[in-house]
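The values are calculated or read from the model by the stated rules, or taken from the named source; none is laboratory data. Here the structure is a predicted model, which is why all the values come from computation and not from measurement. A quick note on method: Cβ atoms are made from the backbone with ideal geometry, for glycine too, and the neighbour counts reach across all protein chains shown. All accessible areas refer to the heavy atoms of the entire protein, side chains included, with ligands and DNA or RNA removed. Shrake-Rupley method; radii C 1.70, N 1.55, O 1.52, S 1.80 Å.
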Amino acid sequence: KIIMMHPQFDVSGGAERKLLLIYHALKKEYDIKIITFIVDKKKCFPELAKNIKFIEVGYGKNIFSKILSLFRMAKMGKETDIIHASNFPSNIAAVISKKRYGPKVMWFCNEPMLHLEGTKRRENKYRLKLMQIIEKIFSKRIDLIIANSEFTKNMIKKTMSLDSELIYSGVDTDYYKRKDIEKKDNSVFFISRIEKEKNVDFLLELAQEMNEAEFIIGGDGTYMAELKKKAPKNVKFLGRISEEEKRGW
């Protein structure tokens, strides 16, 4: 029995996509459930999310209701063998569950967001510092931490003094096959959630220097409006695109 814990499935981000793909890969052989605070299947990879029954525990607006939601998420680990935790604070809920009920906990750390420059929680440095301390304390009780890159592995060691195993995110080579298509000279394609911490500003700097090249940006997010104001003429924004459109690009 496996439980996957992740804060929200209301955006089309890399962490969400990876978790959905792992779920589909494991569901035939394992009893696997996804526990989350919020779900919006229209905004989170509709093709991957439509046949999944998520278990929502809700997430309030004030600190007390958020703590209550955290304990509701933790309670879901009562009768399971392994918890696959993802972004903060689901890793905290997983450790609470381990303490109370005993399942093994694996944390797939996409990046130690609380310790990186650019995170949207940085506007309140005292709140951020408290969250960093909480994550450090709880992370020491996790059975296995997995990093998705050498950079993340080094950041986990630097910021939390913890070791991790490196497992790169996979690519479905049956779906993403190399095609015999006419290549565009001097073109760059980028896809991501468009948020401040993704450092898409660097891409715009590059576009200004390489003004003869075309830069195509796929994805959407809260930073899109500001990004469009800064973008030079050789940058094209596609907005949110489907899996099939992504494969085409």
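In the stretch 158-179, which residues are within 23 Å of Ile83 (Cβ to Cβ) and either assigned to a helix (DSSP H, G or I) or within 19 Å of the chain's Cα centre (by Cα) (or both)?
Thr159, Met160, Ser164, Glu165, Leu166, Ile167, Tyr168, Ser169, Gly170
Condition first: without any contact (Cβ under 8 Å) to a residue 40 or more places away in the chain and under 20 Å from the mean Cα position of the chain (by Cα). Now tell me which residues in the stretch 67-88 satisfy that.
The answer is Ser69, Leu70, Ala74.
With respect to Asn62, determine if the residue is open to solvent by 70 Å² or more (accessible area, probe 1.4 Å) and either touching a strand residue (DSSP E or B) at 6+ places or on another chain (Cβ under 8 Å) or closer than 27 Å to Tyr223 by Cβ (or both).
yes
Scan the stretch 31-51 residue by residue and report those that are part of a loop (DSSP other than H, G, I, E, B) and closer than 24 Å to Ile92 by Cα.
Listed by number, the residues that qualify are Asp31, Asp40, Cys44.
Can you give me the number of residues within the stretch 53-71 that are out of contact with any Ser or Thr (no Cβ under 8 Å at 6 or more places or on another chain) and closer than 24 Å to Lys18 by Cβ?
Result for the stretch 53-71: 3.
When you go through (1) of a type outside the set (A, V, I, L, M, F, W, C); (2) over 17 Å from Met4 (Cβ atoms); (3) touching a His at 6+ places or on another chain (Cβ under 8 Å) one by one for Ser86, which number turns out not to apply?
(2)
Any idea which residue in the stretch 4-56 is farthest from Gly102 (Cα to Cα), counting only those that are among the β-branched types (Val, Ile, Thr) and open to solvent by 10 Å² or more (accessible area, probe 1.4 Å)?
Val11
Looking at the stretch 71-84, which of its residues are farther than 24 Å from Ala25 by Cβ and surrounded by 13 or more Cβ atoms within 10 Å (Cβ to Cβ)?
Selection gives Phe71, Arg72, Ala74, Lys75.
Condition check ((1) modelled with pLDDT of 95 or more; (2) open to solvent by 50 Å² or more (accessible area, probe 1.4 Å); (3) not acidic (Asp, Glu)) across all residues:
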{"residue": "Asp185", "(1), (2), (3)": "no, yes, no"}
{"residue": "Leu203", "(1), (2), (3)": "no, no, yes"}
{"residue": "Ala213", "(1), (2), (3)": "no, no, yes"}
{"residue": "Lys230", "(1), (2), (3)": "no, yes, yes"}
{"residue": "Gly239", "(1), (2), (3)": "no, no, yes"}
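Answer yes or no as to whether Glu195 is on the phi < 0 side of the Ramachandran plot and open to solvent by 100 Å² or more (accessible area, probe 1.4 Å).
Judged against the criteria, Glu195 is not a match.
Can Leu68 be described as modelled with pLDDT of 90 or more, over 30 Å from Asp172 (Cβ atoms) and open to solvent by 10 Å² or more (accessible area, probe 1.4 Å)?
It is true that Leu68 is modelled with pLDDT of 90 or more, over 30 Å from Asp172 (Cβ atoms) and open to solvent by 10 Å² or more (accessible area, probe 1.4 Å).
The rows are residues; the columns are (1) closer than 29 Å to Phe202 by Cβ; (2) open to solvent by 80 Å² or more (accessible area, probe 1.4 Å); (3) of a type in the set (Lys, Arg).
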site: Leu128; (1), (2), (3): yes, no, no
site: Gln132; (1), (2), (3): yes, no, no
site: Glu150; (1), (2), (3): yes, yes, no
site: Ile156; (1), (2), (3): yes, no, no
site: Ser164; (1), (2), (3): yes, no, no
site: Tyr168; (1), (2), (3): yes, yes, no
site: Asp174; (1), (2), (3): no, yes, no
site: Arg178; (1), (2), (3): yes, yes, yes
site: Val188; (1), (2), (3): yes, no, no
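Among the residues that make up the stretch 135-142, is at least one of them more than 24 Å from Glu16 (Cα to Cα), open to solvent by 60 Å² or more (accessible area, probe 1.4 Å) and in a helix (DSSP H, G or I)?
Checked against the condition, which is being more than 24 Å from Glu16 (Cα to Cα), open to solvent by 60 Å² or more (accessible area, probe 1.4 Å) and in a helix (DSSP H, G or I), the stretch 135-142 yields at least one hit.
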